[in-house]
Amino acid sequence: MLGFVPPLPQQPGRPPSSGHMIVCGDDALARRLAVELRFIYGERVTLLLPPGRDANSPETPLTQRGRAAALFGRMSAAMNRAGNGSGTTGGNGTTGGNGDTNAGVEAVRIMEAPEPSDDVLEEAGIDRAAALALVYDDDERNIRAALTARRLNPRLRLVIRLYNRKLGQHLEELLDQAAAVAMPGIDPALLDASTTVLSDADTAAPALAATALTGSSKVIQAEGLLLRAAERPPPGPGERADPGLCTLALLSSTTNDPAGAEGSDSSGDEAPLLLPDERAVAETTGRGTVVLEAISRADPARPATRMGGRGAPLAQIFSRRLRWSALGFALAAVALVIASLLTTKDTALHSAYLTVLDLLGMNDPAEGAPPARQIIQILSGIAGLLLLPLLIAAVLEAFGTLRTASSLRRPPRGLGGHVVLLGLGKIGTRVLVRLRELDIPVVVVEEDPEARGIPLARSLHVPTVIGDVTQEGVLEAAKVYRARALLALTSIDTTNLEAALYARSVKPDLRVALRLYDDEFATAVYRTLRTAHPQALTRSRSVSHLAAPSFAVAMMGRQILGAVPVERKVMLFAALEVAGHPQLEGHTVEQAFRSGAWRVLAIDATPPADRNPDLAALPPFDPEGDATPPPSGLVWDLHPGYVLRAQDRVVIAATRRGLAELLRRQRSAVPGR
């Protein structure tokens, strides 16, 4: 049976309007995405949830529908506090938002159904929808629903959440081909945006991994170029912050306030300032900055960093003690060969041959030989007695290594300066890969021995502790008292918090990053930990909050090159066509800059017919021929007086609201959009 909360004040049976968007999911990402589309982009949204309780939060009494309504209510209140818009709140907690104050404005329409079947999607208005997001936690369910949706509406823009990267690439090609068959002569640019496969784990993993590093940077890739956004500490008295290539953000003003909250959309004047102008940067004191630090070329010919190795190295098969013993025996044998060579005046080859025979006990007694030769034979026999236990130890150690090659490693003695990673689900597994790519030592703690990331940890030889992190002794086994950072990434907020509190009691200055769903809860946790341990770094991150902007922009048919978290805000890097954007077309780069909203960073100088439709992909080239990739068409050192033309494609940095405003103005400027 279908159930839905009707949009207020619409009548319960009224169908959704044409051009609306549908979001189908079963966890926090679906709710965050609906919030993003409704309250940031002003789109009409239908949210399809499974009935009953939230499987990811079994301790909460809220139903799926109630939890979504509560989230919408909190978002509306935050927007009103921030002064960015007003909204009307209905009895079910949903609001109009985004400045829609008229009584007739519809809110998010919430439906409940076990599966996105044909009947359910038709009830949601799939035939009139502009875009559909399938963000269930189950890849198979998303694929099945995507095939159904493409059959019901070939013109539909699909955004699909998949963890499996290779499968996602094949599915995207398949669904695009289906759209091309159903719509002959479709514009290739529209076809490229008709199906987008994203992974919330891949989107959030770099930001989560970066929290474990001091002075870490976020990397965005565009047409084979790497943009590095680096976080820099506040300048000292009398100093001026280095702007790098350009200043992307000013961090919150609570740097020296132990009770200050990490800046978010509801932090008011204390929040981080995204895309400030030069005057704001010059007048600001005591704030850290995020700057565009460098632009370098990606090297597609460089092989990926090996994290597991092809087979077991010698150092992992034999212990250090055994290797030192073998070295000592080899030196003793060399010394005996030299002594024989000097005393017997024999050839070097014959002296070595006789010494080896003596060591193995295979030579005849040196009766009648000179005394020096007899002494050397006796010493060789004694050394040969040491060879037997050495060979036995080598065989036993090699057998033990091969026997345990398929088992999990324990944290070695003396380990220090590592990162303790809690949880090996989808997110934890991607973060583990990211940390190993950066050559950062990691110790994993996982309660479930059959967790998704356990085979990966085994293949990478990552030390792993199996146990409940809330139990005594588990974090000690992970050597948390010697660690540089703790990443608590389990799916349960209370488990992450308990682990962080206990780790802080063991090592007060430990760098801690927690994965927390609820924003208000995260703020309270941050302030408490910051007050108790003012010298330590504490961060709270929400995976759905990091990933939702990329999914939302993909539903709008635009390409996101990356999302950079700035405390609890998100800054987006996007590729846009200048045509149809009145704030860009015909303006200079300096005039097009909007402080706190968007900034033009680069222009694609490649002719439109030769452009790569996917700027995030590396340009193809033959590594066996010319090892130098083709030059990028992106121009970064822009003159402020350059006039943006309609045929230009630009790379911009934008806030979520700024990008939404650009897209809304484009729709109003171009008829039919």
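The values are calculated or read from the model by the stated rules, or taken from the named source; none is laboratory data. Please read these numbers as outputs of a predicted model, since none were measured by experiment. Because the Cβ atoms are built from the backbone with ideal geometry, glycine has one as well, and the counts that use them run over all protein chains shown. Heads up: the accessible areas ignore ligands, DNA and RNA and are worked out on the full protein's heavy atoms, side chains in. Shrake-Rupley method; radii C 1.70, N 1.55, O 1.52, S 1.80 Å.
Data table
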read-out: Sequence of 194, 505 from largest to smallest accessible area, 1.4 Å probe; value: 505, 194
read-out: Partners for residue 569 among lysines (Cα-Cα distance below 21 Å; same-chain residues under 8 apart left out); value: 218
read-out: Exposure of residue 166 as accessible area (Å², to 10), given a probe of 1.4 Å and all protein chains; value: 150 Å²
read-out: Reachable lysines from residue 426, criterion Cα separation under 20 angstrom, eight or more residues apart if same chain; value: 166
read-out: Protein-only accessible surface order, largest first, of 163, 642, 353 at 1.4 Å; value: 353, 642, 163
read-out: Nearest-10 value in Å² for the accessible area of residue 501, using the 1.4 Å probe; value: 90 Å²
read-out: Positive-pole candidate from 483, 514, 524, dipole of segment 476-524, charges at beta carbon; value: 483
read-out: In segment 427-515, the trypsin sites (Lys or Arg not before Pro) that fall in loop regions by DSSP, at most 16 other Cβ within 10 Å; value: 452
